[in-house]
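Undergrad: Sending over a structure as structure tokens; questions will come in a sec.
Where a number appears in this text, it was derived from the coordinates with a stated rule and is not lab data. Keep in mind that this is a model prediction, so the values were computed, not measured. Please note: Cβ atoms are built from the backbone with ideal geometry, for glycine as well, and neighbour counts cover all protein chains shown.
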Amino acid sequence: RKRAEDAQSVPISISAFNQDDLDRLNIKTLEDLKYVAPSVYIAPTAFRQDTLNVTIRGQRNFDAPSGGGNPGLGFDTATAVYKDGVYYARAVGMTGSLFDLDSVDVLKGPQGTLVGRNSSGGAILYNSREPDRVFGGYVNLTTGDYGRAGFQGAINVPLTDTLAVRLALNLDK
């Protein structure tokens with residue numbers, strides 16, 4: 001249902017994470033959810049590295065009618081993925097970083113139309129952090145061996161009492 005509810009009273013299996021949980025568990029991409037959410041397997045397909053094969057409870061993307069291994073490129077996927085309430089109709093381009101998020105929810109099992117599109121495997125919902133009326137932000141810098149460098153930051157700027165802007169940026173090398 002599209003409203004806030006206590007996870008203990010919802011009649012389905014849910015794994016819910018906020019940004020602090022994602023940082024503590026070192027979850028950087030959707031693919032990393034397979035390490036913290038039981039019965040979830042997410043990996044790039046052999047067909048394209050920017051296309052994820054999302055499997056929840058054994059429900060995976062459909063194969064091509066010819067058996068050529070077309071995972072989710074021509075058909076709706078078994079697991080629905082939503083970013084800020086917008087449904088990703090294809091699993092292409094979901095390999096980016098997860099940062100500056102409000103929440104990530106993994107709903108297991110068949111989902112009806114209350115979440116959005118019905119899906120046999122489940123749904124992954126992730127929501128960006130909303131701007132608020134307090135000026136602030138953060139910066140995280142990362143360095144490492146072999147030229148590894150990273151920058152992650154966000155700034156929140158209130159413009160009026162009812163309008164605010166939040167800008168977030170993530171760079172990895």
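Undergrad: At a Cα cut-off below 19 Å, give the aspartates and glutamates reachable from Lys34, other chains included and same-chain residues fewer than 8 away excluded.
TA: Counting by Cα, and skipping residues close in sequence, Lys34 has these aspartates and glutamates nearby: Asp20, Asp21, Asp23, Asp50, Asp105.
Undergrad: Next up: Is the shape of segment 108-173 best called rounded, prolate or oblate, per the rule: a/c under 1.5 gives rounded, else a/b larger than b/c gives prolate, else oblate, with a ≥ b ≥ c the square roots of the Cα gyration tensor eigenvalues? The partial results should precede the final answer.
TA: Numbers: a/c = 4.76, a/b = 1.29, b/c = 3.70.
Taking the square roots of the gyration eigenvalues as a ≥ b ≥ c, segment 108-173 is oblate.
Undergrad: Using θ = phi - 60° and the Karplus form 6.51 cos²θ - 1.76 cosθ + 1.60, what ³J(HN,Hα) does each residue of segment 40-55 get, whole Hz, x for Gly and Pro?
TA: 10, 10, 10, 8, x, 6, 6, 6, 9, 6, 8, 10, 9, 9, 9, 10
Undergrad: Restricting attention to segment 102-145, which trypsin sites (Lys or Arg not before Pro) occupy a DSSP loop and are surrounded by at most 12 other Cβ atoms within 10 Å? Can you show the working numbers first?
TA: On the way: sites: Lys108, Arg117, Arg129, Arg133; in loops: Arg117, Arg129, Arg133.
Loop-located and lightly packed - Arg133.
Undergrad: Under the 0.36 nm per residue contour assumption, what length would be gained going from the current alpha-carbon distance of Leu141 and Asp20 to full extension? Mind showing how you got there, number by number?
TA: Details: separation 121, 0.36 × 121 = 43.56 nm, distance 1.69 nm.
Once the chain is fully extended between Leu141 and Asp20, it gains 41.9 nm.
Undergrad: Modelling each spin label as a point 7 Å along the Cα-to-Cβ direction, I'd like the Val92/Asn170 distance in nm, to one decimal.
TA: Output for this residue pair reads 2.2 nm.
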